[in-house]
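Here's the structure we're looking at; comments come further down.
The values are calculated or read from the model by the stated rules, or taken from the named source; none is laboratory data. Since the model is a prediction, treat every value here as computed from it, not as a measurement. Glycine gets a Cβ as well: all are built from the backbone with ideal geometry, and neighbour counts include every protein chain shown. In case anyone asks, the SASA skips ligands and DNA or RNA and just uses the protein heavy atoms, side chains included. Shrake-Rupley method; radii C 1.70, N 1.55, O 1.52, S 1.80 Å.
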Amino acid sequence: MIEMKINRCIWMLTFILVLVGNSVTGKGKDNGPFPVPLGDPFILLHEGTYYAYGTHSDKGIEVYVSDNLKTWSRPAQLPDGLALNKKDVWADRWFWAPEVYLVNGTFYMYYSADEHICVATSKSPLGPFKQEKKEPMIADEKCIDNSLFIDDDGKPYLFFDRFNDGLNIWVAELTDDLLQIKRETMRPCIHVSQPWEMIWPRVNEGAFVMKHEGMYYMTYSANSYESPFYGIGCATATDVNGPWTKYEHNPLLQCPGDLVGVGHSAMFRDKKGQLRIVFHAHKDKEAIHPRGMYIGKVKFRKQKGSSEQTMYIDPEYIIPVLKK
């Protein structure tokens with residue numbers, strides 16, 4: 001217990017020094033080509049093209065395209081780069097953490113706006129994503145980071161963050177049109193509970209859920225996104241409603257290579273079927289913004305003496321860059 005307290009004090013001191021450095025320098029060093037400038041990134045593969053969405057613009061949600069994951073560009077059809085423009089939806093600020101899914105011929109974008117969870121639709125992955133009813137999914141409560149999961153039986157669920165215990169992760173069923181939450185089905189999933197998550201403040205956020213050989217895997221992020229010790233953990237469950245059990249060896253990814261502030265991830269399969277994870281990191285060790293997008297690999301391996309498979313994230317990563 002004494003050692004844990006000492007480690008937490010060291011983490012906090014480092015965090016404070018980094019914040020002081022940010023306030024003094026304002027901008028980080030120019031270390032060459034900068035990755036795609038998206039926080040909270042999400043990648044969709046559709047008809048041979050990768051689409052990346054994320055937090056960056058104050059006018060809505062941007063999209064970039066690529067055919068190889070390494071080089072990206074703004075779509076020629078979108079001079080402003082926006083797949084979602086704030087004039088087409090509820091709220092006029094803080095457009096964060098978009099995720100896009102194709103379901104029955106319609107693209108659904110789940111995102112946060114003004115600290116409320118929202119959904120908009122389009123017939124194209126480039127948008128324009130719009131809301132027929134300009135309203136959040138939960139009007140009377142601030143929530144963020146909504147992520148869609150459709151189970152094998154076709155039942156849709158939404159994972160999202162609530163502010164009722166620091167920031168913690170909940171799940172709820174959706175209506176068949178994927179546009180509304182069944183509030184009576186809301187259940188808690190995970191909250192801050194492990195020592196590595198307790199640097200500052202109380203944050204479990206940015207859930208992404210996938211199913212592998214009958215087991216549900218949830219990746220999530222902990223600590224403030226401003227902290228260099230922001231990181232990615234994993235929890236598992238045998239039922240989508242839980243209970244969820246965190247890996248004892250969390251975090252799965254924290255400060256890989258020269259990166260700090262690593263988190264808010266999502267998973268996807270590339271053209272070869274390889275399971276990938278996309279996440280953001282700070283601009284560099286001296287400045288948080290603009291955050292950059294990075295791409296790694298996710299694999300499963302069996303533990304000695306057990307038939308259960310464990311998810312792990314390869315510490316090697318791709319640095320996607322914008323075409324000049």
| request: Give the distance, in whole Å, between the Cα centre of the stretch 148-173 and the Cα centre of the stretch 240-302. | output: 19
| query | Which of the listed residues, 275, 103, 158, is farthest toward the dipole's positive end in the chain, when Lys, Arg count +1 and Asp, Glu count -1 at the beta-carbon? | reply | 275
| field | Sequence-distant lysines (8 or more away, or on other chains) whose Cα lies within less than 23 Å of residue 142 | value | 59, 86, 87, 130, 133, 134, 182
| query | Mind checking which lysines have their C-alpha under 25 Å from residue 299, skipping anything on the same chain fewer than 8 residues away? | reply | 70, 211, 246, 271, 272
| said: Testing the spin-label approximation: label points 7 Å from Cα along Cα→Cβ at residue 103 and residue 297. State their distance in nm. | reply: 3.2
| query | Dipole of the chain, Cα-centred, from +1 at each Lys and Arg C-beta and -1 at each Asp and Glu C-beta, to the nearest 20 debye? | reply | 820
| task | Treat each spin label as a single point 7 Å out from the Cα along the C-beta direction, and report the residue 245 to residue 180 distance in nm. | result | 3.8
| task | Return one whole number: the accessible area per residue of the chain in Å², for a 1.4 Å probe. | result | 47
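Give me the percent of accessible area attributable to carbon and sulfur for the chain, probe 1.4 angstrom.
C and S atoms contribute 52 percent here.
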| task | Order the following by accessible area, largest value first: 213, 173. Probe radius 1.4 Å; ligands, DNA and RNA are ignored. | result | 213, 173
| said: I need the Kirkwood Rh of the chain: take the reciprocal of the average 1/r across all distinct C-alpha pairs and report it in angstrom. | reply: 20.0
